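Asks: Structure provided below as structure tokens; questions to follow.
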Amino acid sequence: MTRRVAILISGGGSNMLALLRDMAAGDHPALPVLVASNDPKAAGLAKAAALGVATAAVDHRPYGGDRAAFEAALLQPILEAGADLVCLAGFMRVLTPGFVDRFAGRMLNIHPSLLPLYPGLHTHRRALEAGDAEAGCTVHEVTPVLDDGPILGQARVPILAGDTAETLAARVLVQEHRLYPAVLRRFAAGDRTPLFL
Ligand code: GAR
């Protein structure tokens, strides 16, 4: 059975593109049915549309602090597209348990650290400040706890002398683009064994 994937983004969508390109490469257990963003200006929306993927923008700002109402609006295009898997790819809104539970075991996220280290923001700066020798990225199942949930894959990079948060982020991002498509392929085929690149 082909899985139907919705990808949620907030920005440029380079991870989204990596996923879309891999799904278009053929012999893939999943099909992209929607790219949705909480930011109508997210650059990734146009990139997805250019590849022929349906898009939706649900601006979170008019909802103020009412996360549940925002999520109800976001859920609509996802359900209309018939998505049964959700991939968060640089999606920068915290989701409530109500939304997460709806996709329990069917929602993935990529996070730019070696979880359980550095959940939340500014991961690269925190790794540098801690004097770590390496950094990386993690794909995990989404649970109601932020940047938690079973780890599905990790890729590591060295931290080099003279690294800044920006140079480190760029090195990690290269690995994100390898890791996320590889994990989605396995996950959509029913394989939840962690992948370590
Ligand atoms: C990526 O580095 C991703 O890991 C990170 O945002 C960037 C999005 O880039 N995600 C988070 O920090 C999630 N909390 P992209 O839009 O080019 O894929």
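Asks: Yes or no: ASP59 open to solvent by 10 Å² or more (accessible area, probe 1.4 Å), away from the ligand (no atom under 13 Å from the Cβ), in contact with a Phe, Trp or Tyr (Cβ under 9 Å, 6 or more places away or on another chain) and not in a helix (DSSP H, G or I)?
Replies: Values: open to solvent by 10 Å² or more (accessible area, probe 1.4 Å): yes; away from the ligand (no atom under 13 Å from the Cβ): yes; in contact with a Phe, Trp or Tyr (Cβ under 9 Å, 6 or more places away or on another chain): yes; not in a helix (DSSP H, G or I): yes.
So ASP59 fits the description; yes.
Asks: If we scan the range 159-167, do we find a residue that is among the acidic types (Asp, Glu), in a loop (DSSP other than H, G, I, E, B) and surrounded by 18 or more Cβ atoms within 10 Å (Cβ to Cβ)? Talk me through it step by step, then tell me what you get.
Replies: Let us first name the residues in the range 159-167 that are among the acidic types (Asp, Glu), namely 163, 166.
Next, from what is left, pick out any that are in a loop (DSSP other than H, G, I, E, B): 163.
Those left that are additionally surrounded by 18 or more Cβ atoms within 10 Å (Cβ to Cβ): 163.
Yes, the range 159-167 contains at least one residue that is among the acidic types (Asp, Glu), in a loop (DSSP other than H, G, I, E, B) and surrounded by 18 or more Cβ atoms within 10 Å (Cβ to Cβ).
Asks: Quickly run through the range 17-53 and pick out the residues that are assigned to a helix (DSSP H, G or I) and acidic (Asp, Glu). Talk me through it step by step, then tell me what you get.
Replies: Keep residues of the range 17-53 that are assigned to a helix (DSSP H, G or I), which gives 17-24, 43-50.
If the condition is that a residue be assigned to a helix (DSSP H, G or I) and acidic (Asp, Glu), then ASP22 is the only one that fits.
Asks: Residue under question is ALA83, and the condition is that it be within 23 Å of THR2 (Cβ to Cβ), part of a loop (DSSP other than H, G, I, E, B) and not β-branched (Val, Ile, Thr); does it hold? Before the answer, list the steps.
Replies: On the way: within 23 Å of THR2 (Cβ to Cβ): yes; part of a loop (DSSP other than H, G, I, E, B): yes; not β-branched (Val, Ile, Thr): yes.
Here the answer is yes, as ALA83 does meet what is asked.
Asks: Something else: Within the range 83-102, which residues are farther than 15 Å from ALA68 by Cβ and among the aromatic types (Phe, Trp, Tyr)?
Replies: Initially, the range 83-102 is screened for residues farther than 15 Å from ALA68 by Cβ, giving 83-92.
PHE91 - this is the single residue of the range 83-102 that is farther than 15 Å from ALA68 by Cβ and among the aromatic types (Phe, Trp, Tyr).
Asks: When the range 119-153 is examined, which residues are found to be in contact (Cβ under 8 Å) with a residue 24 or more places away in the chain and either in a strand (DSSP E or B) or among the hydroxyl-bearing types (Ser, Thr, Tyr) (or both)? Steps first, answer last, please.
Replies: From the range 119-153, those in contact (Cβ under 8 Å) with a residue 24 or more places away in the chain are 119-120, 122, 124-125, 127-128, 132-144, 146-153; that's our starting set.
Listed by number, the residues that qualify are GLU134, ALA135, GLY136, CYS137, THR138, VAL139, HIS140, GLU141, THR143, ILE151, LEU152, GLY153.
Asks: Mind checking whether some residue in the range 87-110 is of a type in the set (S, T, N, Q), part of a loop (DSSP other than H, G, I, E, B) and open to solvent by less than 10 Å² (accessible area, probe 1.4 Å)? Please lay out each step first, then the result.
Replies: Residues of the range 87-110 that are of a type in the set (S, T, N, Q), as a first pass: 96, 109.
Remaining after also requiring part of a loop (DSSP other than H, G, I, E, B): 96.
Those still in the list that are open to solvent by less than 10 Å² (accessible area, probe 1.4 Å) too: none.
The answer is no, given that none of the residues of the range 87-110 is of a type in the set (S, T, N, Q), part of a loop (DSSP other than H, G, I, E, B) and open to solvent by less than 10 Å² (accessible area, probe 1.4 Å).
Asks: Separate question: Any residue that is open to solvent by 20 Å² or more (accessible area, probe 1.4 Å), modelled with pLDDT under 95 and away from the ligand (no atom under 16 Å from the Cβ) - is there at least one of those in the range 65-84?
Replies: Checked the range 65-84: at least one residue is open to solvent by 20 Å² or more (accessible area, probe 1.4 Å), modelled with pLDDT under 95 and away from the ligand (no atom under 16 Å from the Cβ).
Asks: Residue by residue through the range 14-39, note down the ones that are out of contact with any Gly (no Cβ under 8 Å at 6 or more places or on another chain) and either within 15 Å of the ligand (Cβ to nearest atom) or among the small types (Gly, Ala, Ser) (or both).
Replies: Those that are out of contact with any Gly (no Cβ under 8 Å at 6 or more places or on another chain) and either within 15 Å of the ligand (Cβ to nearest atom) or among the small types (Gly, Ala, Ser) (or both): ALA18, LEU19, LEU20, ARG21, ASP22, ALA24, ALA25, GLY26, ALA30, PRO32, ALA36, ASN38.
Asks: Working carefully through the options ARG178, ARG185, find the one that is under 20 Å from LEU20 (Cβ atoms), away from the ligand (no atom under 16 Å from the Cβ) and not hydroxyl-bearing (Ser, Thr, Tyr).
Replies: Numbers: ARG178 fails: away from the ligand (no atom under 16 Å from the Cβ).
Among ARG178, ARG185, only ARG185 is under 20 Å from LEU20 (Cβ atoms), away from the ligand (no atom under 16 Å from the Cβ) and not hydroxyl-bearing (Ser, Thr, Tyr).
Asks: Name the single residue that is farthest from the chain's Cα centre (by Cα) among those in the range 1-13 being within 11 Å of the ligand (Cβ to nearest atom) and surrounded by 19 or more Cβ atoms within 10 Å (Cβ to Cβ).
Replies: Here is the first cut: in the range 1-13, the residues within 11 Å of the ligand (Cβ to nearest atom) are 7-13.
Now narrow it down to the ones that are surrounded by 19 or more Cβ atoms within 10 Å (Cβ to Cβ): 7-9, 13.
On the way: ILE7: 7, LEU8: 7, ILE9: 7, GLY13: 9 Å.
Only one residue fits best here, namely GLY13.
Asks: Scanning for something within 11 Å of the ligand (Cβ to nearest atom), open to solvent by 60 Å² or more (accessible area, probe 1.4 Å) and of a type in the set (A, V, I, L, M), does the range 122-144 turn up at least one residue?
Replies: Scanning the range 122-144 turns up no residue that is within 11 Å of the ligand (Cβ to nearest atom), open to solvent by 60 Å² or more (accessible area, probe 1.4 Å) and of a type in the set (A, V, I, L, M).
The values are calculated or read from the model by the stated rules, or taken from the named source; none is laboratory data. Predicted, not measured: the structure shown is a model, and the values here were computed from it. When we count neighbours, we look across all protein chains shown, and the Cβ atoms used for this are built from the backbone with ideal geometry, even at glycine. With ligands, DNA and RNA removed, areas are computed over all heavy atoms of the protein, side chains included. Shrake-Rupley method; radii C 1.70, N 1.55, O 1.52, S 1.80 Å.
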